Amino acid sequence: MTSTTEIAGQYTDSRKLAARARLHNYTVAPVGWFKWVAQGIGFAPSERVLDIGCGPAWFWAAIADTVPKSLELTLADQSAGMVAEAVERARPLGFAAVTGIEADASALPFADASFDVVVAMHMLYHVPDPAKAIAEFHRVLKPGGRLAATTNGRENMRELYALGTTFGGSPVEPVADAFGFEIAERLLRDRFGNVAFDEHPAHMRITEPEDIFLALTSYPPGENASPAQLDAFRAAIDDAFAKAGGTLEVRKQSGLFLSRKVG
Ligand SMILES: C[S@@+](CC[C@H](N)C(=O)[O-])C[C@H]1O[C@@H](n2cnc3c(N)ncnc32)[C@H](O)[C@@H]1O
């Protein structure tokens, strides 16, 4: 998933993202992902928050009851469909303000020092030049403001990606080459001079083979696999479930990076 056209096709609306998100129903964790991220950020009352690459605003729906309702949210995404869905979902949640805007992370349409918090969850691996986007996040933050960026590590769902090699998929987390843990740490430290990292304690116990099939065929190369490759993929999934006795244990590796704008 690298070209701009492919990314746009993925995120016209939330349907393909939802096919992948089905897998997250199998996550076993003391605190669910979105609530864990919100705890790590620690929103204070009345903060102005930019959520860039907000997607369908599932984050805000999941945490609305656990963060101050006085937050003022700007939900931004380069996909017009996502912005529309995000605003529709977030407006009834009771926040002090919810504004939606179509925007590219690499050229944000906001004045310097506009926000207390910038949230960039699982999106920087899509941006052609993540350092440029991080510079934009730094620019629009007020002095003392925080950037919260999330991404996946190379080991994320390794057991699943191994099955996707049947259609030529990467054997490890494909987003890690663009913005994995090591790259995130380096780029954030380069721009902000500080970065703190925490990894979400979680793993998966998958019981429904079809959910793996739907998730990994929701984006290239699985999305464009030939009938023969899809047959091989199904056989590999069935084989893995048979060997695992019907429940597949899968590693998860997702993390939160927090940086503060000094000065
Ligand atoms: C994997 S989704 C993450 C959605 C949401 N942040 C979450 O964690 O649930 C990635 C989102 O980033 C958006 N996106 C990709 N490249 C972008 C860019 N250059 N500027 C703004 N949004 C972008 C996509 O349209 C998509 O909605």
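The values are calculated or read from the model by the stated rules, or taken from the named source; none is laboratory data. Everything numeric here is computed off the predicted structure, so don't read it as measured data. Note that we place each Cβ from the backbone using ideal geometry, even for glycine, and neighbour counts take in every protein chain shown.
Per the conditions (1) without any contact (Cβ under 8 Å) to a residue 12 or more places away in the chain; (2) assigned to a loop (DSSP other than H, G, I, E, B), the sole criterion not satisfied by residue 243 is (2). None of 89, 139, 154 is modelled with pLDDT of 95 or more, on the phi < 0 side of the Ramachandran plot and not in a helix (DSSP H, G or I) except 154.
In this structure, does residue 168 turn out to be more than 26 Å from residue 223 (Cβ to Cβ), surrounded by fewer than 19 Cβ atoms within 10 Å (Cβ to Cβ) and of a type in the set (Gly, Ala, Ser)? It is false that residue 168 is more than 26 Å from residue 223 (Cβ to Cβ), surrounded by fewer than 19 Cβ atoms within 10 Å (Cβ to Cβ) and of a type in the set (Gly, Ala, Ser).
Entry remark, segment 75-100: residues being without any contact (Cβ under 8 Å) to a residue 24 or more places away in the chain and near the ligand (Cβ under 9 Å from one of its atoms) number 0 in total. Selection of segment 221-240 for residues being in a loop (DSSP other than H, G, I, E, B) and farther than 30 Å from residue 187 by Cα yields 225, 226. Checking 162, 178 one by one, the residue that is within 17 Å of residue 127 (Cβ to Cβ), surrounded by fewer than 21 Cβ atoms within 10 Å (Cβ to Cβ) and of a type in the set (Gly, Ala, Ser) is 178 and no other. Return yes or no: is residue 178 near the ligand (Cβ under 9 Å from one of its atoms) and either assigned to a helix (DSSP H, G or I) or in contact (Cβ under 8 Å) with a residue 24 or more places away in the chain (or both)? No: the conditions fail for residue 178.
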